[in-house]
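Written out below as structure tokens is the structure these notes cover.
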Amino acid sequence: MNRRIIITGANNGIGLAMTKALLSMGERVAALDLSIDNLDPTNRNLLAFVCDVTDPHRVQSVVDEIVQEWCGVDVLVNNACLALFKRFDERTIDDIRREMEVNFYGYLNTIQAVLPLMQKGGRGVIHNVSSGVGYTGMPGMTGYTSSKGAIESLTRTLALEYAPQGIVFNVMHPPLTRTPSAAGFGVPPEMMADPEGVGRGLAKLVGKTRPVLVSGMINGIQLWMSYHLRYQMGKLMSMMADKARQGKQGA
């Protein structure tokens, strides 16, 4: 294989697990994050960059370095994430703006940087990591859920625009996973998936061209329900999270 793959948010959680799995498969990975201390600098197939995806100039500079080293980019995985957990009346607009800057505009910055390369080569795949709460909503997650809903619409639109040029846009949907960004859900850790397993599962899907990519049948069923039974699933997940929080407080 030995494809040239960019992953954002690659120093922790699902992004780190994906990076490790892809490297073990012989792929070349450019890993971007605010810190790169969890990445192995001795791996010859790894390029690691400290990069804030909300800074378009830094993103473009990093992509230029990647192209100088590898002469192109085959796949982009937009995985960087910020999730703040506060009731809406406890938030400021700046809180929501920060989440949108990472989860939506950060994706736009990386897409704009790699798209001309893919257009020139006549092919490429861009995976945008999303979430079922972008369909259902979730109390306390105004900015995160809004950003994921925006990513769903953005991806569908760009998929239609660039299909004639041979460029695929699709969404990756991991299950609820034990990562720092999911800590505020209130769901017990034992009910969430292991990030190592989720990352390995998603790594096998990198480069696939289906509109929606999920890691496993159970994840697929949950996502189907979140899409087709949005109100009911949102209410159910909210009740489960409230019950879990009450259990912690009573313990």
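Report yes if D94 is more than 18 Å from the chain's Cα centre (by Cα), farther than 20 Å from N109 by Cβ and in a helix (DSSP H, G or I), otherwise no. Taking the combined requirement at face value, the residue does not satisfy it. With respect to the conditions (1) buried (at least 18 other Cβ atoms within 10 Å of the Cβ); (2) at pLDDT below 70, P180 falls short on a single one, namely (1).
Looking at the range 110-143, which of the residues that are closer than 14 Å to T8 by Cα and small (G, A, S) is surrounded by the fewest Cβ atoms within 10 Å (Cβ to Cβ)? Once the filter is applied, the top-ranked residue is A113.
Of all residues in the range 100-142, those satisfying the criterion of being within 13 Å of the chain's Cα centre (by Cα) and assigned to a strand (DSSP E or B) are I126, H127, N128, V129. Within the range 70-78, one or more residues are outside any loop (DSSP other than H, G, I, E, B) and among the aromatic types (F, W, Y).
Any residue at all in the range 190-197 that's at pLDDT 75 or above, on the phi > 0 side of the Ramachandran plot and among the small types (G, A, S)? Don't jump to the end; show me each part of the working.
Restricting attention to the range 190-197, the residues satisfying the condition of being at pLDDT 75 or above are 196-197.
Among the residues that remain, those that are also on the phi > 0 side of the Ramachandran plot are: none.
Looking through the range 190-197, none of the residues is at pLDDT 75 or above, on the phi > 0 side of the Ramachandran plot and among the small types (G, A, S).
Just to be sure, is Y107 over 21 Å from R210 (Cα atoms), surrounded by 15 or more Cβ atoms within 10 Å (Cβ to Cβ) and of a type in the set (F, W, Y)? Taking the combined requirement at face value, the residue does not satisfy it.
The values are calculated or read from the model by the stated rules, or taken from the named source; none is laboratory data. A quick note: this is a predicted structure, and the numbers were derived from the prediction, not measured. We place every Cβ from the backbone using ideal geometry, glycine too, and count neighbours over all the protein chains shown.
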